[in-house]
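Encoded as structure tokens, the structure appears first; notes follow it.
Quick note: the coordinates plus some simple rules give every number you see, no bench work behind them. Quick caveat: nothing in here was measured; it's all calculated off a predicted structure. Glycine gets a Cβ as well: all are built from the backbone with ideal geometry, and neighbour counts include every protein chain shown.
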Amino acid sequence: MTQPHLHSFRVVKLEILAETTGAALGDATGFFCDYRGRTFLVTNWHVVTGRHYQTRKPLHRSKALPGTLRVHTHIATTVVPISAPSSSTSFPISLRDTEDRPCWLEHPLFGSNVDVVAIEMDTRLAECSRLFRLNLEAELARDVRLSVMDQTFVTGYPLSATTTPNSLPIYKSGTIASEPGVFDSEPRIYIDGKTKNGMSGSPVMVKGSSASGSDHALAFVGVYSGRDRQERTEFEAELGIMWPYRECLMPILETFLDTEQAFEPTGSEQTNVQSGSG
């Protein structure tokens, strides 16, 4: 039997819970990455705030805003080398600390106008080494040259637990629909594809020649922010937004690591990674 692709274990399902009642507000996607020895969870600004990243209006019909993300993920049996997961697990991440400060990191120049955030995990989660993570140093070393009409794969969770064939993400294809190296304002790229609710925060991958490797190689190119949180013209044109990671994610991580000015949780907030049913 063919083994699952390693990338499938890096992508996590995010259950969004309301800050006041704990009620479920919806699902989204995220992924773990490793950079300069630190672990981060990456998703969209609109996922952690519950607001449209441009208009700032609440997205849920009840106007409720998120307070917690419940992360559904996989953990490895061994760390060196990291092996197939022993089981699935889940754990909560509070989106604000005891002083009501947000736990996420935003783009140092564009702020929330870039719909990408990162959450530092090492001080929030014990045994981060057992998480499957995207190695950003390795991705930066790749010679990936995107062109208009290239095929991409948005990897996320558009299906409910009752309809998915397993606990792993769905790979939905799309096409680079705008010139990927030319930006008028914020660095963003349009993808032509029929993605669905729940895929906000998905990593976007390319494979084959664009990944500068074998036909089965996957290369990371950006973070997807969905079609259902956009302006009407973008939605009607069935265009999704991909935020290229070099311009949109790396400045967030570099700024945090260079300044070490992060929101530090208390020791009691650190969670142990334990096997479970997910």
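Worth pointing out:
- Cβ-based exposure ranking for 121, 250, 199, in which fewest neighbours within 10 Å come first: 250, 121, 199
- Between residue 160 and residue 113, the contour length at 0.36 nm per residue exceeds the alpha carbon distance by 14.0 nm.
- Theoretical gain in end-to-end length, residue 101 to residue 68 [0.36 nm per residue, Cα-Cα removed]: 10.6 nm
- Computed from backbone phi with θ = phi - 60° and the Karplus coefficients 6.51, -1.76 and 1.60, the 3J(HN,Hα) list for segment 103-116 is 8, 8, 10, 10, 5, x, 9, 9, x, 6, 5, 9, 7, 9 Hz; x is used for glycine and proline.
- This ranking places 196, 207 by how few other beta-carbon atoms lie within 10 Å of each, fewest first, which gives 196, 207.
- Residue 77-residue 255 FRET efficiency (beta carbon distance; Förster radius 22 Å; 0.05 resolution): 0.05
- Cα lying deepest toward the dipole's positive end in segment 6-264, options 46, 92, 25, charges on Cβ: 25
- Neighbour-count ranking [beta-carbon atoms within 10 angstrom, fewest first] of 122, 27, 115: 122, 27, 115
- Shape category assigned to segment 6-264 from the gyration tensor of Cα positions, a/c cut at 1.5: rounded
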